[in-house]
Amino acid sequence: MTAIPVTIGRRPLLSPAAGGAAVPAARAGMDAFASGHAPAGDAPTGIGAPLIDTHGRVHRDLRISLTDRCSLRCTYCMPEQGNEWLARTSILTLDEIERIARLAAADGITTFRLTGGEPLLRTDIVEVVRRLAAITGPAGAPVEIAMTTNGIRLPELLPGLIEAGLNRLNISIDTLRRDRFHELTRRDRLDDVLEGIAAAAASALRPLKLNAVAMRDVNDDELVDLVEFAIAHDAQMRFIEQMPLDAGHTWDRSRMVTQDEILAALAERWTLAPVPGRGGAPAARWTLDGGPHSVGVIASVTAPFCGDCDRLRLTADGQLRNCLFSTTEYDVLPILRDGRGDEAVDAGIDGMLRSCVRGKLPGHAINDPSFLQPARGMNAIGG
Ligand code: SAM
Ligand code: SF4
């Protein structure tokens, strides 16, 4: 099946070669899988071959957005009103998500991260986790199921999620102050988030990570408090540089809080030492006073980590994306719903996964003057 990318916005269209010679997954491909990088060149194709891009990066992480809806309206992510929601009929069903995930796992994806929008708003969330957790990769290797959530609804849902196979949680909390939280998220729900974090801390899921977007004159005086809050909950705090992905397109580079500023603020309280061996992880980490506690910073803007990126994204409406900032999407929805036989549908999805990987640029272009923000807000991409 020919994979046709859809370009959103005005960034030049990539031309991922469609199809490609069908050769079996080569030993070289499996070796590359182990190392994270493979020689650039002809990647192996066909279901079961690793997903290697033209820069040699082996893909292991699929972020699955389950919905674009959310219980909050964070200013850096969604508009207060007037958001254009994805059509309900285009939202992937549980069976469709499972099908794509199964093929991705066959191709070497080892982690599924569930996100959104707010993944816990999906009414079948426990069943989504159960179905994905039952998938195995090559040679029966288990997959890991992680989730990024705002924490609201965790107290009621967490026992079922863990029983269904959830392995890891990241919970977002940008401020510990109620008024600020209300202003920033446009909802007065700090207590619900705190209860969600308490439920996660009381569970056995570790490592538990807390995420905060650092924002000037909003929460940049709370960075130390947030780290102490995380430590008190046996969690690791991670600060994220604000990225140009807000639905309102209001991001302003001159106002963003940088990694250097975050580290400088924390260094007033702790001695920081870099933790080596980051691999493909988005967060660089530093120990606090020699450990055991540490803090992470995701510096997509000032210290991009694209060279080791092993991530792909699937939006709630069935678009594969090879980068948060890409304006090109690879549409699997028509393949899933065109009524052909199982074999043809599987081959089509696998071909689209490979086209998406082949179309991946060496890095994002946030720092390029020609950068165009994707048309989708973060809530519709999946963070
Ligand atoms: N609703 C869930 C949550 O907030 O954790 C999951 C989806 S949210 C889009 C995923 C992550 O993206 C959150 O940690 C959020 O803070 C982050 N995020 C959203 N918009 C962002 C932006 N413009 N820049 C940096 N991070 C952003
Ligand atoms: Fe919702 Fe998460 Fe976006 Fe906040 S960051 S509006 S919680 S999707």
(message) Using Cβ counts within 10 Å as a stand-in for footprinting exposure, how do S326, S90 rank, fewest first?
(response) S90, S326
(message) How high is the relative contact order of segment 61-207? Use alpha-carbon pairs under 8 Å, at least six apart in sequence, and give a whole percent.
(response) 26
(request) Using only Cα atoms, find the angle between the long axis of helix 94-106 and the longest principal axis of the chain, and express it within 0 to 90 degrees, rounded to the nearest 10. (result) 80
(request) Go through segment 262-352 and name the GluC sites (Glu not before Pro) that are in a DSSP coil and have 11 or fewer other Cβ atoms within 10 Å of their Cβ. (result) E268
(request) Rounded to the nearest 10 degrees, what's the angle between the helix 154-164 long axis and the longest principal axis of the chain, both from Cα atoms, 0 to 90? (result) 40
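Highest first, please rank the peptides 252-258, 311-317, 371-377 by the mean number of other Cβ atoms sitting within 10 Å of their residues.
Numbers: 252-258: 13.9, 311-317: 24.1, 371-377: 18.0.
With the highest mean Cβ count within 10 Å placed first, the list reads 311-317, 371-377, 252-258.
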(message) Considering only C-alpha atoms, what is the centroid distance from segment 364-379 to segment 201-229, in Å?
(response) 26
(message) So if I take the alpha carbon set of the chain, get Rg, then get Rh from the Kirkwood formula, what is the Rg over Rh ratio?
(response) 0.95
(message) What is the angle, in °, between the Cα long axis of helix 190-202 and the longest principal axis of the Cα atoms in the chain? Nearest 10 is fine, range 0 to 90.
(response) 70
(request) Sort out for me the Cα centre separation of segment 299-323 from segment 115-194, rounded to whole Å. (result) 20
(message) Using helices alone, I'd like the mean residue ellipticity at 222 nm for the chain: each DSSP H run of four-plus residues gives -39500 (n - 2.57), total over residue count, nearest 500.
(response) -8000 deg cm²/dmol
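If you stretched the chain out fully between T271 and N367, how much longer would it get, using 0.36 nm times the residue separation minus the C-alpha to C-alpha distance? Walk me through the numbers on the way to the answer.
Numbers: separation 96, 0.36 × 96 = 34.56 nm, distance 3.04 nm.
Contour length minus the Cα-Cα distance gives 31.5 nm.
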(message) Largest first, please: the extent of the C-alpha atoms of segment 210-297 along each principal axis, to the nearest Å.
(response) 40, 29, 22
(message) To the nearest 20 Debye, how big is the dipole of the chain about its Cα centre, given +1 on the beta carbon of each Lys and Arg and -1 on that of each Asp and Glu?
(response) 600
(request) Quick one: compute the contact order of the chain, relative version, from alpha carbon pairs under 8 angstrom and 6+ residues apart, as a percent. (result) 23
(request) Report relative contact order for segment 245-331 in percent, whole number only (criteria: Cα-Cα under 8 Å, sequence separation at least 6). (result) 18
(request) Could you line up H182, H59, H233 from fewest to most neighbouring Cβ atoms inside 10 Å? (result) H182, H233, H59
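Cα-based Rg of segment 248-308 per 2.2 N^0.38 Å, rounded to two decimals? Write out the running numbers ahead of the final one.
Details: Rg = 13.1 Å, N = 61, 2.2 N^0.38 = 10.5 Å.
For segment 248-308, the normalised Cα radius of gyration comes out at 1.25.
Bear in mind that the values in this text are calculations on the coordinates, not laboratory data. Predicted model only: the values in this text are computed from it and were never measured. No Cβ is skipped: glycine too gets one built from the backbone with ideal geometry, and neighbour counts run over all protein chains shown.
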